[in-house]
Amino acid sequence: MPQICLHKVYSSSETATLCIQEDYKSYNKYQKRKGRTKKALLQIPNHQLMDLKVDYAFKQLFGNEKNKDITVVFLNAILAKSGRSPIQHLIFQNIEIGGEYEGDKKSRLDIFVETENKERVNIEIQINNKYNMINRALYYWSRLFSEQLKEGQSYKELYPVISINIMHFNLLHDTDSYHNIFRLHEIHQKYPLTDMIEFHFVEIPKLITAWKKNQLNPWEDVLTRWLLLLGVVDRRMNHFYDDIFQELEEIAMEDKSLNIAMRVWEDLSRTKEERREYEIRLKQILDEQSMNRDRELLEQEMQELKTQKDELEIQKDELETQKDELETQKDELKAEKDEAEIKRKKEETKRREEEGRRIEAESALEESTKQMALKMLEREIDYITITQVTGLTSEQLEIIQQEAEKNDK
């Protein structure tokens, strides 16, 4: 039986090789398409196929004792990416990890297995992003790791716990990679501390995006074909990726494990009892999605109202500022007006005083001129000379003389 070898390069000097036993021949897709007439699946309406991202359907396919061989191939394809040794055998474990959220324990349909090397692998698939996924994964990992050690046992008896999280939403926004693996390592020199802790985060939307951009080759990458199998049906968006399905059908003609998985998938989708349980779970998930969406819309509406309130408060503050500025300008104008009025009054007073002084001066000058004219008249100086000296007219002199004569009588 031929082997498919997957390579994980950690550095320029370190390469991990994992060979997965499969009953394939060549995966040259262009050759395989020529003349192919068989189908991997029977004719079943697309809308009847289960969405394998629904945890119930996922667990029935990959968490069932009858399909253990499929699970081994699927897990090996994932773990090969982190350089782990291939699994030959595994044991399904029923484990109940108390949910930290209300209703979480009831709805958890994780797959938990233990390998022949006593590695513990927990696989969780989530459609809705309703929890803090990273903290959630850390919490479940810590529980699975710590519960290994019984009283009196040595720390040497602890084995790796691997957390595999498959999500139908984007979680890691700093990368376009759909499969990201995390371990503990030194921050600066990047060398690993231990392989006891390992997290896999698989983001299906990024996988579909890569598929649409023609960046995937499921003929050469074993994991890609299995992840695409999960992405074929999207009941949340009510969409079926026919191009992915056809590609997987062709690959399944040569990939025995994938062929079996697709047939089991079809059988699950046809079985009334399984279908009923699946529909119940799907409804629960869609209801959760609807509630989450309603909550998001409500939060968005509340945020918009808060933003509007904040904007109104800002506008109110701006109006208050403008009002204060207008009041200040008004006070300044009033002060200027008062100052101008005071200045005007001062100038008016000064003008009146100057006018009074002018009038007094003119009166004094007139009286002085009159007295001068009288004295000159008493001396019998002729009118012509007096007018020339005083500037008075002959008529004015006559009046002055007449008044003087009247006063003498």
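When the test is whether a residue is touching a residue at least 12 places away in the same chain (Cβ under 8 Å), farther than 18 Å from ASN128 by Cα, among the hydrophobic types (A, V, I, L, M, F, W, C) and surrounded by 12 or more Cβ atoms within 10 Å (Cβ to Cβ), ILE208 does not pass it. Within region 211-224, can one find any residue that is in contact with a Gly (Cβ under 8 Å, 6 or more places away or on another chain) and either closer than 26 Å to LEU90 by Cα or at pLDDT 95 or above (or both)? The answer is yes; a qualifying residue exists. Among the residues making up region 151-162, those that are over 17 Å from ASN76 (Cβ atoms) and not in a loop (DSSP other than H, G, I, E, B) are TYR155, LYS156, GLU157, VAL161. Out of curiosity, is ARG136 of a type in the set (D, E, K, R), surrounded by 13 or more Cβ atoms within 10 Å (Cβ to Cβ) and within 30 Å of VAL233 (Cα to Cα)? Yes, satisfied.
Just one of (1) exposed (fewer than 10 other Cβ atoms within 10 Å of the Cβ); (2) over 30 Å from ASN46 (Cβ atoms) fails for LYS272. It is (2). Taking region 347-381, which residues are in contact (Cβ under 8 Å) with a residue 12 or more places away in the chain and of a type in the set (Gly, Ala, Ser)? Across region 347-381, the qualifying residue is only ALA373. When the test is whether a residue is over 22 Å from LYS118 (Cβ atoms) and within 26 Å of the chain's Cα centre (by Cα), GLU203 passes it. Each residue in region 71-89 was checked for being within 16 Å of ILE181 (Cβ to Cβ) and β-branched (Val, Ile, Thr), and 1 pass.
Just one of the listed residues (GLU220, GLU247) is surrounded by 20 or more Cβ atoms within 10 Å (Cβ to Cβ), over 32 Å from the mean Cα position of the chain (by Cα), in contact (Cβ under 8 Å) with a residue 12 or more places away in the chain and more than 30 Å from ARG143 (Cβ to Cβ), namely GLU247. Residues of region 183-225 that are in a strand (DSSP E or B), farther than 20 Å from ILE127 by Cα and touching a His at 6+ places or on another chain (Cβ under 8 Å): PRO192, LEU193.
Is one or more of the residues making up region 294-311 surrounded by 15 or more Cβ atoms within 10 Å (Cβ to Cβ) and assigned to a helix (DSSP H, G or I)? Taking every residue of region 294-311 in turn, none turns out to be surrounded by 15 or more Cβ atoms within 10 Å (Cβ to Cβ) and assigned to a helix (DSSP H, G or I).
For region 148-175, taking the residues that are hydroxyl-bearing (Ser, Thr, Tyr) and under 32 Å from the mean Cα position of the chain (by Cα), the one that is surrounded by the fewest Cβ atoms within 10 Å (Cβ to Cβ) is identified as THR175. Any idea which residue in region 77-105 is modelled with the highest pLDDT, counting only those that are charged (D, E, K, R) and farther than 22 Å from PHE169 by Cα? Among them, the one singled out is ARG84.
The values are calculated or read from the model by the stated rules, or taken from the named source; none is laboratory data. Just so it is clear, the structure is predicted and the values come from calculations on it, not from any experiment. We place every Cβ from the backbone using ideal geometry, glycine too, and count neighbours over all the protein chains shown.
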